[in-house]
Every structure is written in structure tokens, then in C-alpha cells.
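What follows is a single structure, written as C-alpha cells, with notes after it.
The values are calculated or read from the model by the stated rules, or taken from the named source; none is laboratory data. The structure displayed is predicted, hence computed values, not measured ones. Quick reminder, even Gly has a Cβ in these numbers, built from the backbone with ideal geometry, and neighbours come from all protein chains shown. Accessible surface is based on the protein model in full, side chains and every heavy atom, while ligands, DNA and RNA are left aside. Shrake-Rupley method; radii C 1.70, N 1.55, O 1.52, S 1.80 Å.
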Amino acid sequence: MRAPLPTPLVTVEVADTLRRGVPAVLVAFTGDPVRLGPGGEGVVDLDDVSGKAGATSRQGRAWVVGVGDGEPGDWRKAGASLVRALHADAEKAGGTTFDVRLPEDVTAAAVAAFTLGAAVGGYRFKVSGEEPPKRVKSLRLVAAGAGSAGAGLAEAVRKANTLAAATSLGRDLANTPSNVKDPSWLAAAAVKAARAVPGLRVDVRDEKWLAEQGFGGVLAVGGGSSRPPRFIELTWPGTDSGLPHLVLVGKGITFDTGGISIKPADGMHLMRTDMSGGAAVIAALVGIAQQSLPVRVTGLVPTAENHVSGSAYRPGDVITHYGGTTTEVTNTDAEGRLVLADALSYAVRNLRPDVLVDVATLTGAMKVTLGVRTGGLFATDDDLAGRVADSGARVGESWWRMPLLEELAEDVRSDIADVRQCPPGPGGITAALFLKEFTGDVPWAHLDIAGPARADKVYDEVVAGATGFAARTLIELAETYTQPNTIG
Ligand code: BES
Ligand code: ZN
Ligand code: MN
């Protein structure tokens, strides 16, 4: 049995006119009394409607969805819970397309957020021998009288659909179980996704190339598995020379047993999503190329399965990374930083990045620190840190800046190698300090998504399972570099 990939998204379009015979969705804002959007007056019974963001109810053939105070986050929530309600209704033979009646003065940001929520809020991943249930397929957003603002709304919807597709691709890749998903599967999935986008190139390097080039971290981590590692390089050359070059690096561990330092059985199955950082990078490159953004972007995904066998690497090993730096291994479960070290070093030595960003489900410590809805953000550069946090805020992903504590920097030194894999102290921070050793003097940000890459319940536009977290932030971040002279 296979899951149908890619998972179909609800399609969202904007238009000026309502369709004959298509049921309507009306909106309601919180307030005393509740304020209704167009079409609601005299139709909606106010006793049944709170306006609370995401509250849905049905009034005859029409649906009413609450959009709270009308902040973008409220609209995102509204889109998501509306689609979940419509999916449930479609299963019971309800309709599959609806006209959503928006207020005349609705903003582009609100429409974008609503579209994003609607497109990904009903995401479902199930590997099954049964026919998938009937689902709502499309929404038409109608802002009558928006006039010349209509073009802006159409553009907002177009971009939101691209961001949604990136989130969904990230989820699909990370949700795929690890009996199916090995490094060569992930590489093939990247090739397939990129093939649909003109100008996006993918190179996949095998274990032989990795050995010739000296990728000691990737080879050590992947050495215990019968399914060899790969190195995926996606290239979006941009549309012009002289553009800033952004290099994105994503952790691509297709399953993390912990290796010889093996993980406890409880929760180990969740480690099928340990390539979520890599998935976000692949999805971001696709989204950037789809929009033909005028910026140069390279995506690197070192991918390996961290497994246990007679050929597995050991605690106490000393490995040599790409570029020659050596690491004293003390715990084979801290594998992510070893594969990232090779890739960061490859980027610094070969790609002349203006900006370097890595994203990884790196440490359980970060999940404990920030919980499961906020990503950890480390940066050597304030401008870059600000761009990441602001980009995330614009697309509904939140980041919290963490310190690269100077007083712990020395703890990364090893007596028997150049660097020590697992310095003592706060785990998310020491992991970041380890990575920093491989970034040269390139402005660098490290995004630890161990918490938000997965969800165990529904909230906002997120459903249980892989969340696709960070893909949207990376696309939005790339867009900030499309303005001239913006590195500073
Ligand atoms: N993939 C894990 C981190 C992780 C934990 C992601 C929980 C998502 C949820 C990573 O490879 C790991 O095992 N890290 C260790 C590092 C330690 C051995 C220094 C950890 O966090 O325990
Ligand atoms: Zn891991
Ligand atoms: Mn691990």
C-alpha cells in the first residue's frame, strides 16, 4: 500500500463573482454584537455565532466561520478549521466546493493567511488499502467591490498557495515511513519535485563520491545502515548574476535509532521525521524556484540512516570532516551535527555563500526549552536573525532567538581531535556552538526545529504528524534578499 504523493491540497482562488448554486461561507468577527461579513445580515442567527477565530457552524446551506479580530493569525485559524469542518461534512455527502464571501476591505495579509490555513489545515496522510474519503476540493474567495485591490488579493493567494504547497511537501516527505524512505528515496523525491520546476537543478552524490571527497561525518553516521548515504544539492541560480547567494543546509536523517548509543524504544518511531530539516530545504527550493525569485539559492541535504550494525561507528571514534577538521565522537546519537558539519564546510569552501542557514531536528534539549510550537534560532549576525524571525512571523511560524554563549565556546575543543562532538552544558546551545566551528566567517543562522517539526495534535493550520515547519520561513527569508543591497 502506498500513500498517494503528493497529498492533494484544497485549491483556493479569488474571483469577483459568486457561482450560481454553490453554497456560501460567511464570516463573523468577534464583538458585542458579533459583526457579520457580506451576506450574513438577516440570514445568520446571531445566537449561534461567536465570531471566535476558527469557530464554525452551519446555517441552512451556508456555513459561518469566525475570524476573531481579523488579525492574520485569526484568518489562518479560520481557514484551517473551516476546511476541517467541510472535509468532515463532505464525508457525509456534503459539497466539495464553496464560495467564501469576504468583506470589501479585507487586506491582502488576511486573505493570504486564510488561504494558507485552508490549503494545509485539512492535510491528511494515511497509508491505506482503502479508498480515501471524499473531501472538499476548492474554495473561491469573493471580495465583491474590492475593485483595484482585487489584483493584490489574487497575488496574495498565488503566493499563499505556493507556501502551502511547500509546507505540504515537507509534511509528505517527513511523514513517509522509514521502511520506504531511505537516503536514495529522499534524493529521488527531491529530483522528482524539482523536475516539475523549470530552472531548478538537483545533483545527487552517492557514497563513492562522498568517500572520494572526504565526507567523514556523513559516512560515519550512514555506515551502520545497509542503505547508503547521499548528498543532495539543489541549485536555483537566480535570474541574474550578482545576486546575493543564500545557502540552506538541512539535516536529512531518514531514521535515527541513535546508533550504538541506542535510543530507548519509547518514542523511537517518531525518528522517521528526523529529516524534517532536509525536507524543509527541499520544499523551500521548490517554492523559491516556482516563484522565480531573483536571488541565488543553494540547498544542501546530507542524508543518511543512523542505524546499528557491525559496521556502525562508535563512541570514541575520531572522524575527519569535509575540509579536514576532526571530531571526537562521544555519542552516536548526536549524529545530526556530524552530517551538518560536512555540509556547512562544503558550502563555505565551495559555494561562496553570502548567508548560510541550517535547519535541523537537532536536540531534544531545544524541544524541552521552547516546546513544540516555536523553533530555536541561533545566529552570528543580528540582521540575519531579524530577517528569520520577521519572515517566520509573516508566514505563521514562530522563532525565538537563543544565545551562542561565548563562555561555552572553549568547551567545544577536544584533547584528541580538533572538536568535541558533545560538550557538556545546555544541549541546544552546545550543539549550535559545535556547528559554528564549520561556518567560517559567513553570516550564519542555525534553526533547531526538534520541537515544532512534529505535532501530536491539531492546532491552527497544523495537524498531528510532521508539520512541514520552516519551509515557509525559508522561502520568505529568500524573498527578503531579492531587494537590492539588502545585506547589512
Ligand atoms: N534527532 C535527535 C533530536 C530529537 C529529539 C529530535 C527529540 C526530535 C525530538 C538527535 O539526533 C539526538 O538524538 N540528539 C541527542 C543529542 C545528545 C546525544 C547530545 C539528544 O537531544 O538527546
Ligand atoms: Zn537525530
Ligand atoms: Mn540522534
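Miscellaneous remarks
- Pairs with Cβ under 6 Å, 6+ apart, first in the stretch 244-260 and within 14 Å of Gly277 (Cβ to Cβ) and within 12 Å of ligand 3 (Cβ to nearest atom), second open to solvent by 10 Å² or more (accessible area, probe 1.4 Å) and outside any strand (DSSP E or B): Asp256/Met271
- Residue match in the stretch 434-445 (condition: without any contact (Cβ under 8 Å) to a residue 60 or more places away in the chain, open to solvent by 30 Å² or more (accessible area, probe 1.4 Å) and either at negative phi or acidic (Asp, Glu) (or both)): yes
- Every test in (1) touching a Lys or Arg at 6+ places or on another chain (Cβ under 8 Å); (2) open to solvent by 50 Å² or more (accessible area, probe 1.4 Å); (3) in contact (Cβ under 8 Å) with a residue 24 or more places away in the chain is passed by Lys126 save one, and that test is (1).
- The listed residues are Pro198, Pro228, and the only one of them that is farther than 26 Å from Ala453 by Cα and not in a helix (DSSP H, G or I) turns out to be Pro198.
- Verdict on Asp89 being outside any loop (DSSP other than H, G, I, E, B) and without any contact (Cβ under 8 Å) to a residue 40 or more places away in the chain: no
- Residue match in the stretch 285-308 (condition: hydrophobic (A, V, I, L, M, F, W, C), at negative phi and open to solvent by 40 Å² or more (accessible area, probe 1.4 Å)): yes
- Every listed requirement among (1) more than 16 Å from ligand 2 (Cβ to nearest atom); (2) open to solvent by less than 20 Å² (accessible area, probe 1.4 Å); (3) hydroxyl-bearing (Ser, Thr, Tyr) is met by Ser398 save one, (2).
- Within the stretch 261-277, considering residues that are in contact with an Asp or Glu (Cβ under 8 Å, 6 or more places away or on another chain) and open to solvent by less than 10 Å² (accessible area, probe 1.4 Å), the one farthest from ligand 3 (Cβ to nearest atom): Gly277
- Residue satisfying all of: in the stretch 102-121; in a loop (DSSP other than H, G, I, E, B) and at pLDDT 95 or above; surrounded by the most Cβ atoms within 10 Å (Cβ to Cβ) among these: Leu102
- Taking the criterion of being in contact with a helix residue (DSSP H, G or I) (Cβ under 7 Å, 6 or more places away or on another chain), of a type in the set (D, E, K, R) and part of a loop (DSSP other than H, G, I, E, B), the only residue of the stretch 268-327 that qualifies is Asp317.
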